[in-house]
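Below is one structure, written out as structure tokens, with a few remarks after it.
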Amino acid sequence: MGFDGFSKRTVRFLAGLRDHNEKAWFEAHRDDYEQAFLAPAAAFAEALAPRLRKIEPDVNVEPRVNGSIMRINRDVRFSKDKSPYKDHLDLWFWTGDRKGWDSSGFFFRLAADRLLLGAGMHRFEADARARYRAAVLDERKGAALAATVVKIRKAGYDVGTESYKKVPGGVPADHPRAALLRHGGLHAGWEGKHPAVLGKSAFVDFVATRFAAVAPLHRWLRTSL
């Protein structure tokens, strides 16, 4: 199946799920889930794969649920929000030997009225955080990251996230890269309304262009951590 865009039916399904997040509604619209959510998601991943591999040759693209297509069911075991489903489509294109959040990758989220695209790591585990801070403190690696962040922000992308109020112990508060040292994760992305090409095959180009723009931050994470 070739990719011809995400249709209005896809958007209607996401909006309906947002407004009626319950099993009965979902089951009544299972055909929409399979035909307007899963099928175009898999086709999109397949169409994007060669473009993405030009940006990151060893990126993993698996056009299936529990591969690059994240499950629509929410894990509600430890959440106060017991809504059974996510009201958006999440795709994850990871790097490394195994799928997980402990290495940088490219992320995609399509909601009923928004689109989010980016790359990086949203949260560092303790070991990764230690390696990240050491890299930021390294003159060569730290300077390279600072320059990359400036360039990406100037291009109109967001870079996050400062999770800590203070720099690590033993580091001067006025360190030239203090803001980066306060990060609990490192990622860059673009968020906005649906582009006009959402329902066309050219949507692949739209996404690939934005992934390419944030790829330098992804590469820094891969080579520095």
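The values are calculated or read from the model by the stated rules, or taken from the named source; none is laboratory data. As the structure is a computational prediction, the values presented were derived from the model and not from experiment. For neighbour counting, all protein chains shown are included, and Cβ atoms are generated from backbone atoms with ideal geometry for every residue, glycine included. Side chains included, ligands, DNA and RNA excluded: accessible areas come from the protein's heavy atoms. Shrake-Rupley method; radii C 1.70, N 1.55, O 1.52, S 1.80 Å.
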Open item on the list: For the structure I just gave you, tell me whether Lys99 is under 30 Å from Tyr164 (Cβ atoms) and either part of a loop (DSSP other than H, G, I, E, B) or open to solvent by 20 Å² or more (accessible area, probe 1.4 Å) (or both).
Closed with: yes
- [ ] Name every residue in region 185-225 that is in contact with a Lys or Arg (Cβ under 6 Å, 6 or more places away or on another chain), aliphatic (A, V, I, L, M) and at pLDDT 95 or above, in order of residue number.
- [x] Ala208
Open item on the list: What's the total number of residues in region 11-53 that are of a type outside the set (Phe, Trp, Tyr), touching a residue at least 40 places away in the same chain (Cβ under 8 Å) and closer than 19 Å to Phe203 by Cβ?
Closed with: 12
- [ ] Go through Lys193, Lys166 for me and flag whichever is closer than 28 Å to Asp4 by Cβ, of a type in the set (Lys, Arg) and over 13 Å from the mean Cα position of the chain (by Cα).
- [x] Lys193
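Can you pull out the strands (runs of 3 or more DSSP E) entirely within region 107-225 that have at least 2 residues that are surrounded by 14 or more Cβ atoms within 10 Å (Cβ to Cβ) and without any contact (Cβ under 8 Å) to a residue 60 or more places away in the chain?
Values: elements: 115-121, 158-162, 183-192.
Where strands (runs of 3 or more DSSP E) fall fully within region 107-225 and carry at least 2 residues being surrounded by 14 or more Cβ atoms within 10 Å (Cβ to Cβ) and without any contact (Cβ under 8 Å) to a residue 60 or more places away in the chain, they are 158-162.
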Open item on the list: Looking at region 84-125 only, could you name the residues that are out of contact with any strand residue (DSSP E or B) (no Cβ under 9 Å at 6 or more places or on another chain) and under 28 Å from Pro195 (Cα atoms)?
Closed with: Asp87, Ala112, Asp113
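Can you confirm whether Ser79 is within 25 Å of Gly120 (Cβ to Cβ), open to solvent by less than 80 Å² (accessible area, probe 1.4 Å) and part of a loop (DSSP other than H, G, I, E, B)? I'd like the intermediate steps shown before the answer.
Values: within 25 Å of Gly120 (Cβ to Cβ): yes; open to solvent by less than 80 Å² (accessible area, probe 1.4 Å): yes; part of a loop (DSSP other than H, G, I, E, B): yes.
When the stated conditions are applied, Ser79 passes them.
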- [ ] Can you work out which of the residues in region 87-96 that are assigned to a loop (DSSP other than H, G, I, E, B) and touching a residue at least 40 places away in the same chain (Cβ under 8 Å) is farthest from His122 (Cα to Cα)?
- [x] Asp87
